[in-house]
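The values are calculated or read from the model by the stated rules, or taken from the named source; none is laboratory data. Not measured: the values here are computed from a predicted model. Note: ideal-geometry Cβ built from the backbone for every residue, glycine included; neighbour counts use all protein chains shown. Note: areas computed on protein heavy atoms with side chains; ligands, DNA, RNA excluded. Shrake-Rupley method; radii C 1.70, N 1.55, O 1.52, S 1.80 Å.
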Amino acid sequence: MPQTLTGWILFAIIIVSGCASIVTAMKLIISGFGKAFQDRRDFHAACIFGLLLVVATALFIWIEPMPI
């Protein structure tokens, strides 16, 4: 678990961006089957949330101290 305020903020960003990227990716998958309207913004949102997830995870690993 995070031990600093910065760690908690990054942890929250990881949780939120992970959920948002899953939701937008599922919407894109459903639109691929033709059951929903495909929007170009969904693709861009999935890419941005995925990139935010990767960056926040890398920062979280770099900033948080390792437990002993």
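In region 36-53, whose amide N lies under 16 Å from the spot 7 Å out along Cα-to-Cβ of residue 19? List them in ranges.
49-50, 53, by backbone N distance to the label point.
Once you keep just the Cα pairs under 8 angstrom separated by 6 or more residues, what percentage relative contact order results for the chain?
47 percent
Would you mind working out the accessible area per residue for the chain, using a 1.4 Å probe, and quoting it in Å²?
78 Å²
Any chance you could list P(r) for the chain, counting all Cα-Cα pairs in 10 angstrom bins from zero, rounded to whole %?
Distribution as computed: 22, 39, 22, 13, 4, 0 percent.
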